[in-house]
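The values are calculated or read from the model by the stated rules, or taken from the named source; none is laboratory data. Given the structure is predicted, the values throughout are model-derived calculations rather than measurements. Virtual Cβ from ideal backbone geometry, glycine too; neighbours counted across all protein chains shown. Surface areas here come from the heavy atoms of the whole protein model, side chains and all, with no ligands, DNA or RNA. Shrake-Rupley method; radii C 1.70, N 1.55, O 1.52, S 1.80 Å.
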Amino acid sequence: MRSRSGSLVLVALAVLWVAGVAHSLRYRDLAWLRVVFVDVTWLQGLVLAVGGFGALMVLVGALSPRPRRPAPPDRLPFVSIVVPAKNEEAVIEGTVRSLCALDYAEGGRRRFEVIVVDDQSTDRTGVLLDRLAAELPVRVVRTPPGSVGKAAALNFGIARARGEVVAVFDADARVRPDFLRTMVALLDDPRVGGVQAQRQLYNAGQNLLTRVQDDEYRLFYHPLQRARRWLGGMVSFSGNGLLVRRDVLDEVGGWREEALTEDIDLTIRLHLAGWEIRYCEEAVVWEEAPPHLRDLLRQRVRWFEGALRCLGEHLPAILFGRMSLFKKLDMVVFLSGGLLVTLSLLTSYLYAALDAAGAVVLYLQLPRPLTTAASAALTVAVLTALGLQLQGRVWALMPVVVRSGIFSLHRLLVVPLAVHRFVRSAVTGHTTWEKTAHGLSLPRR
């Protein structure tokens, strides 16, 4: 029922968009000419609004002071670390050893457990886990046949966990020994239901594709999370390196197994329930960036399809929920910003096609001085934010801008594919969950 209502919401939004495009076109016969009047003011206004919001957030994140390291808690809550693993033979051993080496003990006793969920692996993951379980304090559990997706594996593992706090890591995670101590300090606030660590890439320098993903993490994702923390926006879980209170997780119903982006879905449900999520940039989780274009596109298609699902399923609750107006706006932009910008660009191509077809086209648009000034302000804001993030290394600014601009074009392929997959799953009732491939930058054993 929820999936059907979400589809109806997205269908309504699509109808509104098509109606807006149709309304923007006016045909008029002038003497022997048929003139097409194209009103693009709504499109310009939308792009400037979304771009302005994003530029503001990135700038605020870059200007925000680095938070003080949180004071250690008086008592260390017991933490259950859950790691879903499906065909992760190239990376799982390093992850398990990193997590088992955490410095998180009280009175000489460990205050955490490590549970690895072998999600029906068909490679050597199971063999490696059995060997590690004989050597290290790690428990291995295996999902039953028919279990599909990361959320299902997480629910299976958490059902066997005993911690009052649950930590989730991907199978390629690497952390410092003080990771848990730093993170749990932010849970001392009774309003906080979860904490997300800063994500960084350990293979950033492998090739051009991993470098541009590193730009994206350091110069956009990181300042956006910082801005949300300072402005009271939607600080989000990112799937890797997160902590959530067990009672809060139970309150909102655990991970939804039909969600493609279970982390974003859980983020929204926590905020809707009145809980806050903190961003802990002092704790870093390192992960692997997909070094090959095919794997990156598969990852991003799943991300965008998951965001579409969340937008359709949660939009009514977001609009009418008891949250601040800024948090609502941040949520809507977060879920729909990439889609809106891509649709705006594709719509502008439609208008250009009318012009190329030989029709006499007259554009009705925002005053040029306004659009010029707004575009200049957005450009200055973004360049200033990037310059601050790069710590004044001006020579590094232009390569980052060029790489990021070219990389952003991948949305022209990813968004239509994500929409196609969403429509297909809505019609057939069948969802395909594709995991991000790990170990692509490491030598195979």
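Of the strands (runs of 3 or more DSSP E) contained entirely in region 97-169, those carrying at least 2 residues that are out of contact with any Lys or Arg (no Cβ under 6 Å at 6 or more places or on another chain), closer than 16 Å to SER80 by Cα and open to solvent by less than 30 Å² (accessible area, probe 1.4 Å) fall at 112-118, 165-168.
Inspection of region 316-325 finds a residue satisfying the criterion of being modelled with pLDDT under 90 and either open to solvent by 30 Å² or more (accessible area, probe 1.4 Å) or touching an Asp or Glu at 6+ places or on another chain (Cβ under 6 Å) (or both).
Would it be correct to say that ALA385 is touching a helix residue (DSSP H, G or I) at 6+ places or on another chain (Cβ under 8 Å), over 28 Å from ARG300 (Cα atoms), aliphatic (A, V, I, L, M) and open to solvent by less than 50 Å² (accessible area, probe 1.4 Å)? Spell out how you get there, then give the answer.
Numbers: touching a helix residue (DSSP H, G or I) at 6+ places or on another chain (Cβ under 8 Å): yes; over 28 Å from ARG300 (Cα atoms): no; aliphatic (A, V, I, L, M): yes; open to solvent by less than 50 Å² (accessible area, probe 1.4 Å): yes.
So ALA385 does not fit the description; no.
This table checks each residue for (1) on the phi < 0 side of the Ramachandran plot; (2) of a type in the set (S, T, N, Q); (3) free of Cβ contacts under 8 Å to residues at least 60 places away in the same chain.
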| site | (1), (2), (3) |
| --- | --- |
| GLN365 | yes, yes, no |
| LEU370 | yes, no, yes |
| GLY392 | no, no, yes |
| LEU397 | yes, no, yes |
| VAL400 | yes, no, no |
| HIS410 | yes, no, no |
| LEU413 | yes, no, no |
| ALA418 | yes, no, no |
| THR431 | yes, yes, no |
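In region 170-182, the qualifying residues are those that are out of contact with any Ser or Thr (no Cβ under 7 Å at 6 or more places or on another chain) and not aliphatic (A, V, I, L, M), and the one that is most open to solvent (accessible area, probe 1.4 Å) is ARG176.
Inside region 6-27, residues that are loosely packed, with under 13 Cβ neighbours inside 10 Å, in contact with a helix residue (DSSP H, G or I) (Cβ under 9 Å, 6 or more places away or on another chain) and over 30 Å from GLU258 (Cβ atoms) make up a count of 1.
Which residues, counting only those in region 420-429, are at negative phi and open to solvent by 40 Å² or more (accessible area, probe 1.4 Å)? If the condition is that a residue be at negative phi and open to solvent by 40 Å² or more (accessible area, probe 1.4 Å), then HIS420, VAL423, ARG424, ALA426, VAL427, THR428 are the ones that fit. Take the conditions open to solvent by less than 20 Å² (accessible area, probe 1.4 Å), of a type in the set (Gly, Ala, Ser) and touching a residue at least 40 places away in the same chain (Cβ under 8 Å) and apply them to ALA289. Does it pass? Against the criterion (open to solvent by less than 20 Å² (accessible area, probe 1.4 Å), of a type in the set (Gly, Ala, Ser) and touching a residue at least 40 places away in the same chain (Cβ under 8 Å)), ALA289 qualifies.
So for region 58-70 (the condition being touching a residue at least 12 places away in the same chain (Cβ under 8 Å), part of a helix (DSSP H, G or I) and farther than 30 Å from ALA385 by Cα), does at least one residue qualify? Spell out the reasoning first.
Residues of region 58-70 touching a residue at least 12 places away in the same chain (Cβ under 8 Å): 58-64, 66-67, 69-70.
Adding the requirement that they be part of a helix (DSSP H, G or I) leaves 58-63.
Filter once more, keeping what is farther than 30 Å from ALA385 by Cα: none.
Among the residues of region 58-70, not one is touching a residue at least 12 places away in the same chain (Cβ under 8 Å), part of a helix (DSSP H, G or I) and farther than 30 Å from ALA385 by Cα, which makes the answer no.
State which residue is farthest from GLY241 (Cα to Cα) when the search covers only region 82-96 and only residues that are assigned to a strand (DSSP E or B) and open to solvent by less than 10 Å² (accessible area, probe 1.4 Å). Before you say what the answer is, go through the steps one by one.
Let us first name the residues in region 82-96 that are assigned to a strand (DSSP E or B), namely 82-85.
From the residues that got through so far, the ones that are open to solvent by less than 10 Å² (accessible area, probe 1.4 Å) too are 82-83, 85.
Working: VAL82: 10, VAL83: 10, ALA85: 15 Å.
Restricting to residues being assigned to a strand (DSSP E or B) and open to solvent by less than 10 Å² (accessible area, probe 1.4 Å), the top hit is ALA85.
Taking first residues from region 216-227 that are aliphatic (A, V, I, L, M) and partners that are open to solvent by 30 Å² or more (accessible area, probe 1.4 Å), the Cβ contacts under 6 Å between residues at least 6 apart in sequence or on separate chains come to LEU219/GLN389; ALA227/VAL60. Could you say whether any residue in region 265-273 is open to solvent by 10 Å² or more (accessible area, probe 1.4 Å), assigned to a helix (DSSP H, G or I), of a type in the set (Lys, Arg) and farther than 18 Å from VAL212 by Cα? So far as region 265-273 goes, yes, one or more of its residues are open to solvent by 10 Å² or more (accessible area, probe 1.4 Å), assigned to a helix (DSSP H, G or I), of a type in the set (Lys, Arg) and farther than 18 Å from VAL212 by Cα. Residues that are in a loop (DSSP other than H, G, I, E, B) and either surrounded by fewer than 18 Cβ atoms within 10 Å (Cβ to Cβ) or aromatic (Phe, Trp, Tyr) (or both) were ranked within region 226-253; the one that is modelled with the highest pLDDT is PHE237. Tell me, yes or no, whether region 187-210 has at least one residue that is assigned to a helix (DSSP H, G or I), touching a Leu at 6+ places or on another chain (Cβ under 6 Å), open to solvent by less than 10 Å² (accessible area, probe 1.4 Å) and not charged (D, E, K, R). No, because not a single residue in region 187-210 is assigned to a helix (DSSP H, G or I), touching a Leu at 6+ places or on another chain (Cβ under 6 Å), open to solvent by less than 10 Å² (accessible area, probe 1.4 Å) and not charged (D, E, K, R).
Quick check: anything in region 341-355 part of a helix (DSSP H, G or I), without any contact (Cβ under 8 Å) to a residue 12 or more places away in the chain and in contact with a strand residue (DSSP E or B) (Cβ under 6 Å, 6 or more places away or on another chain)? Yes, the conditions are met somewhere in region 341-355.
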